[in-house]
Amino acid sequence: MVEQKGNIGYLIKKMREKQGISQSELCRGLCSNVALYRIENGERDVEISLAARFFQRLGYSSDKFELYGGAEEFQRYEMQQTIRLHREKHQFGQMEELLNVYEERYSEERSGVGLQFLLSNRGVLEIQKKNYSAGISLMEHAISCTVPDWEKESWSQWILGEDELDLFVFLADAHEDKGEKEAAFQIREGILKYLDQKRVSKEQVVKLYTRTICGMTPYLLEEGHNRKCLSLCECGLTILAETKWLSCWPELLY
């Protein structure tokens, strides 16, 4: 056993134990318990993308830590970050072009996190082209890569990272765009329940929390659930006041 304080696995282990999270909870859908045990004890290297997902599930951004890997691994990680940036800026043409290069270069990608990245971004592109059914199918498949049986089980049984929760947001938005408002509402309601049950730090999820609330309010108003709508908006405004953020502030006030 090579347990060193500067080792990534050592940090994962200490943060996991501090939060009272078991190995099986943290690695579920990502790798085996044995693999995580070896990573935590310095007996096995961990890929950058997998380490980043562990940190996300523990409530930390991977950019707070120095992650080590080979030149090829860093090149792949940098391509992923650039594709994400194009997506966030709605530069979908550039995103698709780079994603094609990425997929050709890493066509044998079979890990859960890697395959999830490919499928989810393909899903986003299909949704942008208004191919909603294809986009929803790809997004559901992507979620299942690290959260198998998510449609059957309670989300409270999972420890999810920011990227995984974002996939549920994309899926809800796709159902909304397709006109399937009830399906979109149920997914968003699941996101809020997960955040409340897990008692995730408000500072970490304020954007996700307020965006989800704003997505739910039109449906609630249409269905005549005015009091629940008001309660959610007040909850969102309270979180903004506590965290000093302004995410969706005008929409919540309205």
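The set of residues in the stretch 81-117 that are more than 15 Å from residue 170 (Cβ to Cβ) and not in a helix (DSSP H, G or I) comprises 89, 91, 106, 107, 108, 109, 110, 111. In the stretch 223-244, the residues that are under 13 Å from residue 209 (Cα atoms) reach residues that are open to solvent by 50 Å² or more (accessible area, probe 1.4 Å) with C-beta atoms within less than 7 angstrom, at least six apart or across chains, in these pairs: 239/202; 240/246; 240/249; 243/202; 243/203.
What do you reckon, is residue 236 outside any helix (DSSP H, G or I), open to solvent by less than 70 Å² (accessible area, probe 1.4 Å) and not acidic (Asp, Glu)? No.
Inspection of the stretch 100-113 identifies no residue that is closer than 25 Å to residue 176 by Cα, surrounded by fewer than 17 Cβ atoms within 10 Å (Cβ to Cβ) and of a type outside the set (Val, Ile, Thr). Among the conditions (1) at pLDDT 95 or above; (2) assigned to a helix (DSSP H, G or I); (3) surrounded by fewer than 19 Cβ atoms within 10 Å (Cβ to Cβ), residue 216 misses just one, which is (3).
The values are calculated or read from the model by the stated rules, or taken from the named source; none is laboratory data. Predicted, not measured: the structure shown is a model, and the values here were computed from it. We place every Cβ from the backbone using ideal geometry, glycine too, and count neighbours over all the protein chains shown. Side chains included, ligands, DNA and RNA excluded: accessible areas come from the protein's heavy atoms. Shrake-Rupley method; radii C 1.70, N 1.55, O 1.52, S 1.80 Å.
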